[in-house]
Amino acid sequence: MRILTVCAEFAPLAKIGGLADVTAGLTGWLQERGHDVVVVMPYYGIMRLQGVQAGAQAALAMRRFGHTPDAVTYAVHPMVQPQVAARVYLVDCPAFFGDDVYDAGRREALRFILLSQAALELSVTLGFAPDIVHCHDWHAAPAAVMLKGMMRADRVFRHSYTVLTIHNIGYQGVFPADVIAGHEDNLPRSLFPAEELALGQVNLLRAGITHADALTTVSPTHAREIQTPEYGMGLDGLLRQRRHRLAGILNAVDYRLWSPETDPLLPAPFSIDDLQGKRVTRAALLDELQLDADERTPVVGLVSRLASQKGIDLVIEALPSLLAEREFVCAFLGGGDPALAEQLRELADRHPTRVAFVAGQDERLAHLIIAGSDMLLVPSRYEPCGLTQLYAMRYGTVPVVRHTGGLADTVEHFAPAIGRGTGSVFLDADVGGLDWGLRTAFDWFSDRRAWQRLVRNGMSQDISWAHQGPKFEELFSRLARGPAA
């Protein structure tokens, strides 16, 4: 099959979170299966600073996007360096993509409308007739809308079907309706709900959900959750209407990048059969973050975006009493909400040898925390899938998670009596639930035999693209065979 992938992130070129790992991992697996995949993403200014280079010649000559006062020129270049094996094209428009991965306001809407338009125009220019146009999150959802408008008339899209993957329904791309003014050829107002337009706004994710030929989200449990008012973020009614086109396909891990045996970012390799390297990595983590812990003191790691969705406020509220009553240390890394970052900094200042917090993103330190901790905390209020708990298990780090979305699908609560399970799973998204989840894990940690069994259970899990990729392949194949399939 020919697959056009449109996305805002793609590892390692531009990565803010798990979206980048998933787009890169799935693309790599599809290519290994023999499918012809073209990836189109923005050429962010931060990529230039990191040395990502576009080809000298443009696949698309300079074109105009929009009308005065928003008109800009852009080109699409093939990426020529060997950072990734995929066929990646970069949308080069410094006026919109000249800085970081995400922005805000009207400019944010226009830059991702441009991404969708450029991706489809590139297909026309290359004569690349995609069987599937795979759109990731609201940033690429306009492509699914455009293929219900005039773009559909081009012969290269005569047999194209769109798949929209919802990675995080909490981010919907809601903007003033005038962002589509001047772009009605590709985004006609008739394809947006009249009641939204009457309120002076457009919801790009809603429009994509309405017009995509198939929908996926990143875990089976989350596919059910988002059809309820509690988790649907206002889109549950529409998703219930389209439930027969919605599939929950669990995210997967590329173990070539996330494996303790081969990870170049660790001070020592280790495996399920030889954990000496994990002890070396743990010691390196404690030394780097200046934490005071012996082998009987559990190390609790956290690598997360700092947001209410991730339950970071629950961590801040629960830790003081836990620190007073139990012996453990914390290694935390994350960027996002400045207020949450400040509270974590204050917590670390009050407990300088027991709590370390590093603000921002640091891929090397993320690997070190995930591999060097004894437990990894993922206390999300909702979690479409989550990848850090999957990485943690592979690295012999026990996940402590809330029972929601992909966390519920991937982590089984440990039963010491029978030696079955992979982590500590708590039910309630509150301080009491988090407190129980950590205390339970601490108790297991003090029983060395039970802990070793729990660690081995996690390391033996296989949640790879070899298992999850065929589900996308089957969905794409059914679509490519036409509506009757």
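The values are calculated or read from the model by the stated rules, or taken from the named source; none is laboratory data. This is a predicted model, so every value here is computed, not measured. In this analysis, Cβ positions are derived from the backbone assuming ideal geometry, glycine residues included, and neighbour counts consider all displayed protein chains. The accessibility values were calculated without ligands, DNA or RNA, using every heavy atom of the protein model including side chains. Shrake-Rupley method; radii C 1.70, N 1.55, O 1.52, S 1.80 Å.
Are there any pairs, at least 6 apart or on different chains, whose C-beta atoms fall under 8 Å, with the first in the range 199-228 and within 17 Å of LEU387 (Cα to Cα) and free of Cβ contacts under 8 Å to residues at least 40 places away in the same chain and the second among the hydroxyl-bearing types (Ser, Thr, Tyr) and surrounded by 24 or more Cβ atoms within 10 Å (Cβ to Cβ), and if so, which?
The qualifying pairs are ALA223/THR217.
For residues that are among the charged types (D, E, K, R) and at pLDDT 95 or above, scanning just the range 297-321, find the one that is surrounded by the fewest Cβ atoms within 10 Å (Cβ to Cβ).
GLU317
Please state which one of ALA341, ALA324, ALA366 is over 21 Å from the mean Cα position of the chain (by Cα) and at pLDDT 95 or above.
The match here is ALA324.
In the range 125-133, is there at least one residue being without any contact (Cβ under 8 Å) to a residue 24 or more places away in the chain, open to solvent by 30 Å² or more (accessible area, probe 1.4 Å) and either more than 28 Å from ARG189 (Cβ to Cβ) or not in a loop (DSSP other than H, G, I, E, B) (or both)?
No, because not a single residue in the range 125-133 is without any contact (Cβ under 8 Å) to a residue 24 or more places away in the chain, open to solvent by 30 Å² or more (accessible area, probe 1.4 Å) and either more than 28 Å from ARG189 (Cβ to Cβ) or not in a loop (DSSP other than H, G, I, E, B) (or both).
Considering only residues that are modelled with pLDDT of 95 or more and out of contact with any Pro (no Cβ under 6 Å at 6 or more places or on another chain), which ones fall in the range 327-336?
GLU327, VAL329, CYS330, ALA331, PHE332, LEU333, GLY334
Given the range 164-271, what strands (runs of 3 or more DSSP E) lie entirely inside it while holding 2 or more residues that are buried (at least 18 other Cβ atoms within 10 Å of the Cβ)?
201-203, 214-217, 246-248
Touching a residue at least 40 places away in the same chain (Cβ under 8 Å), in contact with a strand residue (DSSP E or B) (Cβ under 6 Å, 6 or more places away or on another chain) and either more than 30 Å from ARG206 (Cα to Cα) or not in a loop (DSSP other than H, G, I, E, B) (or both): is that true of GLY301 in this structure?
When the stated conditions are applied, GLY301 passes them.
Take the conditions more than 19 Å from THR27 (Cβ to Cβ) and among the charged types (D, E, K, R) and apply them to ARG256. Does it pass?
Spelling it out, it is not the case that ARG256 is more than 19 Å from THR27 (Cβ to Cβ) and among the charged types (D, E, K, R).
Within the range 27-56, which residues are open to solvent by less than 10 Å² (accessible area, probe 1.4 Å), part of a helix (DSSP H, G or I) and modelled with pLDDT of 95 or more?
The answer is THR27, LEU30.
Would you tally the residues in the range 439-485 being assigned to a loop (DSSP other than H, G, I, E, B), open to solvent by 50 Å² or more (accessible area, probe 1.4 Å) and out of contact with any helix residue (DSSP H, G or I) (no Cβ under 8 Å at 6 or more places or on another chain)?
Qualifying residue count, the range 439-485: 7.
Among the residues of the range 400-408, is there at least one that is among the hydroxyl-bearing types (Ser, Thr, Tyr) and under 17 Å from LEU289 (Cβ atoms)?
no
Please pick out the residue among ALA118, ALA109, ALA141 that is open to solvent by less than 30 Å² (accessible area, probe 1.4 Å), assigned to a helix (DSSP H, G or I), closer than 25 Å to ILE249 by Cα and of a type outside the set (Lys, Arg).
ALA141
Go through the range 325-412 and tell me which helices (runs of 4 or more DSSP H), entirely inside it, have 2 or more residues that are buried (at least 24 other Cβ atoms within 10 Å of the Cβ) and not polar (S, T, N, Q).
Correct list: 363-372, 388-394, 405-410.
Answer yes or no as to whether ALA14 is surrounded by 15 or more Cβ atoms within 10 Å (Cβ to Cβ) and in contact with a Ser or Thr (Cβ under 7 Å, 6 or more places away or on another chain).
No: the conditions fail for ALA14.
Only one of (1) in a helix (DSSP H, G or I); (2) farther than 27 Å from ASP462 by Cα; (3) among the hydrophobic types (A, V, I, L, M, F, W, C) fails for VAL280. Which number is that?
It fails just one condition, (2).
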